[in-house]
Amino acid sequence: ARGIVIEAKLDTGKGPVATVLVQKGTLHVGDFVAIGAAFGKVRAMIDAKGERLKEAGPSTPVEIIGLNGVPDAGEVCLVTDTNNDAKKISEAFIAQNREKLLAETKNKLSLEGLSDAIKAGKLKEFDIIVKADVQGSVEAVKQSLIKLSNDEVQVSVIHGGVGAINESDVTLAAASHAIIIGFNVRADNQARETAEREKVDVRNYKVIYDAINDVEAAMKGLLEPIYEEKVTGHGEIRMIFKASGIGNIAGSYILDGKVFRGTKCRITRGDEKVFDGNIESLRRGKDDVKEVNYGYECGLVFDGFNDIQVDDKMEFYQMVEVKR
């Protein structure tokens, strides 16, 4: 017998369930079948009225129970002589599908425009594999994740399917540096072992918004940080002290705000900017201090700059990362 999968899902009570439209021959309870990456022995068949059948002929849609996994809609259902034959067909399908997916991934990553953008640091790629309990959820999760793409990070769902996360999914994720998102499904034992060995990130969710939030957070780690300048205070140089081994020390007065050790300083002389760099040392008297408030005097040494003059004006600032 031969048929085609109309729909497939992971039922809490029944396990993997595939709705198959028989196209040729007669399908019987007890038959061994191979359906894409799934295989097994037909333990039960249920028709559209919810009644159990022992056999189903051409043009009959039936739910099949007894598979080891959830096949994709559109897969061909083949009856085999033995369970071992069904398993071999399934394994061959997995191997062939894995090579195809890897080839598609490599082609995608080698596209000239994308490659150039990544090399230039203008675009990064975030690859994801999605597995869910029903095809509708796969599509919903895929579309929600793809919409997260922006000008700097491209979210790509390189594979989506119904059923538990299997070893083939983990192998693909390892090869393409992708993460796996499972929606109302979990990884089987072999997949968990492979994921641990290959250090593949497998995440499980029951709420789609939790998956979206986590991916958004991960994407922020790929984004180049954006910094903005935050002015902390102003001061002026009133005296210059010379110290051996150090150079010139700017005896300064803080006019407003405050100055911090390690902050940046912009020095102007009239309308000309003469220095823009780091403060190397901040002292009050003989003591190193972390900060000096307005209205107080302090001694400043600038990183790589010794050509200071009395009446030079200083603007102190920090570069603060902007939250995205």
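Given R₀ = 30 Å, what would the calculated FRET efficiency be for Gln143 paired with Asn83, taking r from the Cβ atoms and rounding to 0.05?
For Gln143 and Asn83, the calculated efficiency is 0.20.
If R₀ is 25 angstrom, what is the calculated FRET efficiency for the pair Arg283 and Glu321, using the beta carbon separation as r and rounding to 0.05?
Using R0 = 25 Å, I get an efficiency of 0.30.
Compute the signed sum of charges (Lys and Arg +1, Asp and Glu -1) over the other residues within less than 11 Å, Cβ to Cβ, of Phe302.
Values: positive: Lys264, Arg266; negative: Asp276, Glu280, Asp303, Asp307, Asp312.
Its environment carries a net charge of -3.
For the chain, calculate the relative contact order in percent as a whole number, restricting contacts to Cα pairs under 8 Å that are 6 or more residues apart.
Details: 739 pairs, mean separation 39.0, N = 324.
Answer for the chain is 12 percent.
Over region 227-321, what is the relative contact order in whole percent, taking alpha-carbon pairs under 8 Å and six or more residues apart?
Answer for region 227-321 is 41 percent.
Based on the mean of other Cβ atoms within 10 Å per residue, sort peptides 163-173, 200-210 so the most packed one is first.
In descending order of packing, they fall as 163-173, 200-210.
What does the net charge come to around Pro61 if you take all other residues with beta carbon closer than 10 Å to its beta carbon, with K and R at +1 and D and E at -1? Could the numbers behind the result be given before it?
Values: positive: none; negative: Glu7, Asp47, Glu63.
So the environment of Pro61 carries a net charge of -3.
Exceeding 25 Å between C-alpha atoms, which entries from my cross-link table qualify? They are Lys131/Lys199; Lys147/Lys230; Lys24/Lys54; Lys87/Lys142.
Among Lys131/Lys199; Lys147/Lys230; Lys24/Lys54; Lys87/Lys142, the Cα-Cα distance tops 25 Å for Lys147/Lys230; Lys87/Lys142.
Which FRET efficiency value, to the nearest 0.05, do you get for Asp276 and Asn150 by plugging their Cβ-Cβ distance into 1/(1 + (r/R0)^6) with R0 = 30 Å?
After rounding, the FRET efficiency stands at 0.40.
Treating the beta-carbon of each Lys and Arg as +1 and of each Asp and Glu as -1, no other charges, what is the dipole magnitude of the chain about its Cα centre, to the nearest 20 debye?
580 debye
Give, in nm to one decimal, the length gained when the segment between Asp201 and Glu228 is fully stretched (0.36 nm per residue of separation minus the Cα-Cα distance). Walk me through the numbers before you get to the answer.
Numbers: separation 27, 0.36 × 27 = 9.72 nm, distance 3.32 nm.
Length gained between Asp201 and Glu228: 6.4 nm.
For the chain, how big is the tail of P(r) above 39 Å, as a whole percent of Cα pairs?
Numbers: 23316 of 52326 pairs.
The calculated P(r) of the chain puts 45 percent of pairs beyond 39 Å.
Once the dipole of the chain is set up with Lys and Arg at +1 and Asp and Glu at -1 on Cβ about the Cα centre, which of Ile212, Val17, Thr263 lies farthest towards its positive end?
Selected residue: Val17.
We did not get these values from a lab; they are worked out from the coordinates using the rules stated. In this text, all values refer to a predicted model and were calculated from it rather than measured experimentally. Here Cβ is always computed from backbone atoms with ideal geometry, including for glycine, and neighbour counts include all displayed protein chains.
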